[in-house]
Amino acid sequence: MGNLIFYLIGFFVVVYIARTLGEKAMKHLDTEQKAGLIDLFSKQRRYGSAIILCLVILFLIVLQFKLVTPLVAFSTYFVVMISYMLFKYYKTYTKLTENNYPPEYINKIVFASLLATLGVVTFFALIYYEFLMK
């Protein structure tokens, strides 16, 4: 439990770096393309937040009422979250490509997304080890 703060700090650092890289990728877009991003992803952001919230609530309910063992709950949650993230990144890539965004921008966004995913996977793996394997 004592390492949790270090895991959280590491997680936030990686996510911050990924977000910074994503923002720096914007320099490859003109003003019209930047404005187009808002319209292109507004529905996805709205539904994405609701999906994440539902998954977290479901996970906490499963743990609270001990519907399955913590190992099964955590493993299932991990797989579902990573699958959702990868699906979301695929949809983002597809939308950007279909709407003729510059390859330089798309490549930087893909890299930032993969970095964020790596941060999430590492965080989950450390938490998994810390709480379930000891």
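The values are calculated or read from the model by the stated rules, or taken from the named source; none is laboratory data. Being a predicted model, the structure only gives us computed values, none of them experimental. Cβ coordinates were reconstructed from backbone atoms using ideal geometry, including for glycine residues, and neighbour counts include every protein chain displayed. Heavy atoms of the whole protein, side chains included, go into the accessibility calculation; ligands, DNA and RNA do not. Shrake-Rupley method; radii C 1.70, N 1.55, O 1.52, S 1.80 Å.
So which of 106, 82 is within 26 Å of residue 19 (Cα to Cα), touching a helix residue (DSSP H, G or I) at 6+ places or on another chain (Cβ under 6 Å) and modelled with pLDDT of 90 or more? Full working, then the answer.
On the way: 82 fails: touching a helix residue (DSSP H, G or I) at 6+ places or on another chain (Cβ under 6 Å).
Answer to the check: 106.
Which of the residues spanning region 56-71 are of a type in the set (A, V, I, L, M), open to solvent by less than 100 Å² (accessible area, probe 1.4 Å) and outside any helix (DSSP H, G or I)?
68
So if I check each of 89, 128, which one is at pLDDT 90 or above, assigned to a helix (DSSP H, G or I) and under 25 Å from residue 13 (Cβ atoms)?
Working: 128 fails: at pLDDT 90 or above.
Sole residue among the options that is at pLDDT 90 or above, assigned to a helix (DSSP H, G or I) and under 25 Å from residue 13 (Cβ atoms): 89.
Show the residue pairs meeting these rules: Cβ distance below 7 Å; 6+ apart or different chains; first residue within region 26-39 and free of Cβ contacts under 8 Å to residues at least 40 places away in the same chain; second residue aliphatic (A, V, I, L, M).
34/26
Give region 24-55 a look and list any residue that's in contact with a helix residue (DSSP H, G or I) (Cβ under 9 Å, 6 or more places away or on another chain), within 28 Å of residue 80 (Cβ to Cβ) and open to solvent by 50 Å² or more (accessible area, probe 1.4 Å), or say none.
Passing the criteria: 51, 52.
Please determine, by comparing only the residues of region 86-106 that are open to solvent by 80 Å² or more (accessible area, probe 1.4 Å) and free of Cβ contacts under 8 Å to residues at least 24 places away in the same chain, which one is nearest to residue 3 (Cα to Cα).
Pass one, region 86-106, residues open to solvent by 80 Å² or more (accessible area, probe 1.4 Å): 86-87, 90-91, 93, 98, 100, 103-104.
From the residues that got through so far, the ones that are free of Cβ contacts under 8 Å to residues at least 24 places away in the same chain too are 87, 90, 93, 98, 100, 103.
Values: 87: 31, 90: 33, 93: 35, 98: 44, 100: 45, 103: 40 Å.
Ranking the candidates gives 87 first.
Looking at 34, 43, which is the one that is basic (Lys, Arg), under 18 Å from the mean Cα position of the chain (by Cα) and part of a helix (DSSP H, G or I)? Give the steps one after another, and end with the answer.
Details: 34 fails: under 18 Å from the mean Cα position of the chain (by Cα).
Only one candidate qualifies: 43.
Could you tell me whether residue 3 is open to solvent by 60 Å² or more (accessible area, probe 1.4 Å), in contact with an Asp or Glu (Cβ under 8 Å, 6 or more places away or on another chain) and of a type outside the set (A, V, I, L, M, F, W, C)?
Values: open to solvent by 60 Å² or more (accessible area, probe 1.4 Å): yes; in contact with an Asp or Glu (Cβ under 8 Å, 6 or more places away or on another chain): yes; of a type outside the set (A, V, I, L, M, F, W, C): yes.
In short, yes.
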